[in-house]
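**Q** Here you go, one structure.
We did not get these values from a lab; they are worked out from the coordinates using the rules stated. Note that the structure is a prediction, hence the values are computed from the model and not measured. A quick note on method: Cβ atoms are made from the backbone with ideal geometry, for glycine too, and the neighbour counts reach across all protein chains shown.
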2 protein chains.
Amino acid sequence: MFDYDNMGDLFIENIKKLFFPEEWINLDLKFSKSEIFAMLFLDKRKEITMTELVEYINSPMSTATGIVDRLVKSRYVQRDRSEKDRRIVILRLTEDGTKLVKSLKGMISEYINMIVDDLTEEEKQFMMGIILKVVHNLQKKLDTAIPNTQDNNEIKKIIIE
Amino acid sequence: MFDYDNMGDLFIENIKKLFFPEEWINLDLKFSKSEIFAMLFLDKRKEITMTELVEYINSPMSTATGIVDRLVKSRYVQRDRSEKDRRIVILRLTEDGTKLVKSLKGMISEYINMIVDDLTEEEKQFMMGIILKVVHNLQKKLDTAIPNTQDNNEIKKIIIE
DNA sequence: GCGAATACTACGTTTGCCGAAGTATTCGTT
DNA sequence: AACGAATACTTCGGCAAACGTAGTATTCGC
């Protein structure tokens, strides 16, 4: 069993920086974490709805609206209504947005390389294996441990008379 | 060389949660990341000054004041003036604070265990080694890349006539 | 055809961060 | 001892992001 006093301090000290990415991710322009994740997601999916975005970044609708507002205002994202269902908003990257994500990805690669390229090929392989294993198991545990925070889609029908 | 399209998506997806710790730390009461780090630091050192706190969490004084204000208001931290130098503020955990950190550490241990305890002893060892190596090298690179953000303690004596 | 459900937006509040100015105390020099 | 500079903070005001609540528009289901 893991005990905080043994390794916890060391662990925390070492990953502390990770919890304040804004300090070392010094992007040229100002974007919040959520904005960056939103754009990466958009780049991958090409077209998404607000609801999909909300699911991805795991935030309330009103927060997502704010994020998209900013991205639209700065001309990186386009916001259209669906023809089929006019309630639905369809988000797309603009050309500027696509360019930006491209350079963003470059930057992310650089960071990952900084992390990884002091490792030997063997170590990289090993690490990737461990990460996958850890992520897989963690996901499984979180899903079973706190299903309510994960999906809170209990359907409650309340009849008012 | 690392290329985003190969592994980047996978990587980002997997560490995404890490960038939003507030989502999974939010058990118990409400604390910001900085508040938690401050309390852990305080627990380790027992007594610290504001300046030491600022160095640790790497923020401006005014931010630290805010953090401590909140912790004092919620009765987890005590704020006294030093007898020897009455400019200096000495911070200590209250009894409640100590209790809280204890349970906090427990929680952190649990999280780390969740991550780690599916790994074999060999894998744990290997992982710790890799983490240390990575952190060490990353630190070195960041220091040389942007030395100005790290230590801005050039002494400038300006004589005004 | 109409009430409920869905997919959002608008608005106002709160939270945390931070720069600039202010206060209190001590240090260093003469 | 005296006083200007340095140190160690706090106060204040402003800002950006997150978010709860209420509101709008559209579609679904019976």
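**Q** Short version: what are the Cα gyration tensor semi-axes of the range A:11-118, square root of 5 times each eigenvalue, largest first, in whole Å? Don't skip to the end; give the middle numbers.
**A** Values: eigenvalues 164, 50, 28 Å².
That gives 29, 16, 12 Å for the three semi-axes.
**Q** Give the order of B:Lys105, B:Lys124, A:Lys73 when sorted by the count of other beta carbons within 10 angstrom, beginning with the fewest.
**A** On the way: B:Lys105 18, B:Lys124 15, A:Lys73 9.
Fewest-to-most ranking of B:Lys105, B:Lys124, A:Lys73: A:Lys73, B:Lys124, B:Lys105.
**Q** Still on this structure: Taking the Cα centre of the range B:4-117 as origin and charging only Cβ (+1 Lys, Arg; -1 Asp, Glu), how large is the dipole, in debye to the nearest 20? Don't skip to the answer; put the middle values down first.
**A** On the way: 19 positive and 19 negative charges, 145 e Å.
Roughly 700 debye, rounded to the nearest 20.
**Q** Expressed as a rounded percentage, what relative contact order does the range A:11-118 have, with Cα pairs under 8 Å and six or more residues apart? All intermediate terms of the calculation are to be shown ahead of the outcome.
**A** On the way: 83 pairs, mean separation 24.8, N = 108.
In percent, rounded to a whole number, it is 23.
**Q** First select every other residue whose beta carbon is under 12 angstrom from the beta carbon of A:Ile67; then total the charges, Lys and Arg +1, Asp and Glu -1.
**A** Taking every Cβ under 12 Å from that of A:Ile67, the sum is +2.
**Q** Mind checking which of B:Val54, B:Ile15, B:Ser109 is farthest towards the positive end of the range B:4-117's charge dipole, using Cβ charges of +1 (Lys, Arg) and -1 (Asp, Glu) about the Cα centre?
**A** Value: B:Val54.
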